[in-house]
Amino acid sequence: MASLSSLLKVLLYGLIGLFLSIWVVQNPQDGLVARLVTYDKLAVLLLQHFYLVGVSALLAVLTAVPLGIALTRPGLKSWAPRVLALVNIGQTVPSLAVVALSVGFLGVGSLTAIVALWIYSLLPILSNTLIGLQEVDSSITEAAHGMGMKGRHVLFRVELPMAAAMIMAGIRTAVTITIGSAILAAFVGGGGVGNLIIAGNNISRWQVLVLGAALPVLMALMADVIFESLEKKVRV
Amino acid sequence: MSFLEFLMSRWPTILSLTLEHLLIVFIAMVISIALGVSVGILITKNKVAAQIVLNFTNILMTIPSLALFSLLIPVLGIGKIPAIVGLVAYTQLPIVRNVYTGMMTINPSILEAARGMGLTEKKILRTIKIPLAFPAMMSGIRTATVMGIGIGAIAGYIGAGGLGVYIFQGISRSNDQMVIVGAVIISLISILTDRFLGGLQRKLNR
């Protein structure tokens, strides 16, 4: 029944976001807010935010998981501790610095935002994939080999299923962090809900600010619940 | 202008922004550690209060820092004070949670033995609970401080000064050198602080 309660939570957060948006659009403080916040504009900003997070998270999964797998294979195993140390250092670098560095090399635009978010969300997934695969008991993989399974089969039938929950936890961290960091994309021309915060600041209207603050929080909470239930589902 | 020339001509500004950044984060962390450790210790006395406080700090942390800082502007205005308030609010969760779990995971038989020896609750707290929870506390403080340095950069947006100013100004003037210098210095400060606190942690735990 865990899935029902998480479904209810997702619905609740979604409804809060919906009602808040409807309230601001229907009862704007003044004409400026009314012109700035319309259903169409909100939809565009939300879609941009989803796009930024979705593309960068997908790219992060597609790069971090294979990299994590490669680094636990016999040939590259000796590199794993070094990569892990590097990833840990990378994770202490603030998100604004990653976005800024990306601007420094790529200029402004949504590509810059996606690259920055991709790099930033790569790290938790990579470290969790590595740790998850390393934690698989070697006696289990040896037993699988002993039963005549080939390396590829051991990976897909034994190691990956056992590490799946850990990998999913990494994706969960990455996605929730990325939803918050994607706000910074607004500064580099990537769009997203961050535009509302910047606009709200420029014209100092609290309604716009509150909406801009609340929507990413609700999105992050929803993502957290969704990935939490996925994590439980793949746990062996 | 080459990168080196840029650094040579701007180093006084860069240095003063770096010092300003460190000062803001330092003040915020002193307050945050004092507050977080006391709250963490206080909530070990009441399970309901602990749940409420931990959930509240958890929600605080999911609010995007840029949004929280902006929301503080109507209340506290622009400048260093809202930045410090925001930083303190943000860095509470790792400290409070680690102090709390550190104190709650102490083996109860140790506490019973201490009570049996006739130690008062105050003495138990000072001589047993805090020293035993110290490693967990330190790791919370380490996480919080590194976070604070990064969020301190975002505080540049609300006029708090610090290296964030360099990044935001660099982006709006499309001056890549400013952006890169700001980002690299903040990253270096974060990495070095993490290393330093990690070393301190190991030393104190020995």
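Table for the structure above
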{"item": "Residues (in contact with a Leu (Cβ under 8 Å, 6 or more places away or on another chain) and either under 24 Å from B:Met147 (Cα atoms) or of a type in the set (Phe, Trp, Tyr) (or both)) located in segment A:58-100", "result": "A:Ala60, A:Ala64, A:Trp79, A:Val83, A:Leu84, A:Val87, A:Gly90, A:Gln91, A:Ser95, A:Leu96, A:Val99"}
{"item": "Breaking point among (1) modelled with pLDDT of 90 or more; (2) buried (at least 23 other Cβ atoms within 10 Å of the Cβ), for B:Pro64", "result": "(1)"}
{"item": "Count - residues of segment B:40-61 that are touching a residue at least 60 places away in the same chain (Cβ under 8 Å) and either among the hydrophobic types (A, V, I, L, M, F, W, C) or open to solvent by 70 Å² or more (accessible area, probe 1.4 Å) (or both)", "result": "1"}
{"item": "Top-ranked residue in segment B:55-85 [being of a type outside the set (A, V, I, L, M, F, W, C) and assigned to a loop (DSSP other than H, G, I, E, B); ranked as farthest from the other protein chains (Cβ to nearest Cβ)]", "result": "B:Gly79"}
{"item": "Looking only at segment A:136-166, and only at residues there that are under 23 Å from A:Leu230 (Cβ atoms) and open to solvent by 70 Å² or more (accessible area, probe 1.4 Å), the one that is nearest to the chain's Cα centre (by Cα)", "result": "A:Met162"}
{"item": "Where a residue in segment A:127-138 is under 15 Å from A:Pro74 (Cβ atoms) and its partner, wherever it lies, is of a type in the set (Asp, Glu), with Cβ under 7 Å and at least six apart", "result": "A:Leu133/A:Glu159; A:Val136/A:Glu159"}
{"item": "Test: residue in segment A:88-110 that is more than 11 Å from chain B (Cβ to nearest Cβ) and modelled with pLDDT of 90 or more", "result": "no"}
{"item": "Cβ pairs under 9 Å, 6+ apart, first in segment A:50-65 and on the phi > 0 side of the Ramachandran plot, second open to solvent by less than 30 Å² (accessible area, probe 1.4 Å) and not hydrophobic (A, V, I, L, M, F, W, C)", "result": "none"}
{"item": "Segment B:140-176, residues that are at negative phi, within 9 Å of chain A (Cβ to nearest Cβ) and open to solvent by 40 Å² or more (accessible area, probe 1.4 Å)", "result": "B:Met147, B:Tyr157, B:Ser172, B:Asp176"}
{"item": "Number of the condition not met by B:Ala136 [criteria: (1) open to solvent by less than 40 Å² (accessible area, probe 1.4 Å); (2) within 14 Å of B:Pro94 (Cβ to Cβ); (3) within 9 Å of chain A (Cβ to nearest Cβ)]", "result": "(3)"}
{"item": "Matching residues in segment A:197-234 - criterion: being at the interface with another protein chain (Cβ under 9 Å from one of its Cβ atoms) and open to solvent by less than 40 Å² (accessible area, probe 1.4 Å)", "result": "A:Ile197, A:Ile198, A:Gly200, A:Asn201, A:Leu209, A:Gly212, A:Ala213, A:Ala214, A:Pro216, A:Val217, A:Ala220"}
{"item": "Qualifying residues in segment A:74-109 (those that are open to solvent by 50 Å² or more (accessible area, probe 1.4 Å) and touching a residue at least 24 places away in the same chain (Cβ under 8 Å)) - the one nearest to A:Thr173 (Cα to Cα)", "result": "A:Gln91"}
{"item": "Close pairs (7 angstrom Cβ cut-off, 6 or more residues apart or separate chains): more than 14 Å from chain B (Cβ to nearest Cβ) and of a type in the set (Asp, Glu) in segment A:153-182, surrounded by fewer than 24 Cβ atoms within 10 Å (Cβ to Cβ) and not in a helix (DSSP H, G or I) anywhere", "result": "A:Glu159/A:Val136"}
{"item": "Members of segment B:90-118 found to be in contact (Cβ under 8 Å) with a residue 24 or more places away in the chain and of a type in the set (Lys, Arg), listed by number", "result": "B:Arg97"}
{"item": "Residue check for A:Ile114: assigned to a helix (DSSP H, G or I) and open to solvent by 50 Å² or more (accessible area, probe 1.4 Å)", "result": "no"}
{"item": "Segment A:195-216, residues that are without any contact (Cβ under 8 Å) to a residue 24 or more places away in the chain and either under 24 Å from A:Val93 (Cα atoms) or hydroxyl-bearing (Ser, Thr, Tyr) (or both)", "result": "A:Ile197, A:Ile198, A:Ser204, A:Ala213"}
{"item": "Among (1) under 27 Å from A:Leu101 (Cβ atoms); (2) surrounded by 21 or more Cβ atoms within 10 Å (Cβ to Cβ); (3) more than 9 Å from chain B (Cβ to nearest Cβ) - the single one A:Gly191 does not satisfy", "result": "(2)"}
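The values are calculated or read from the model by the stated rules, or taken from the named source; none is laboratory data. No experiment lies behind these values; they were computed from the predicted model shown. Here the Cβ is made from the backbone with ideal geometry for all residues, glycine too, and neighbour counts use every protein chain on show. Side chains included, ligands, DNA and RNA excluded: accessible areas come from the protein's heavy atoms. Shrake-Rupley method; radii C 1.70, N 1.55, O 1.52, S 1.80 Å.
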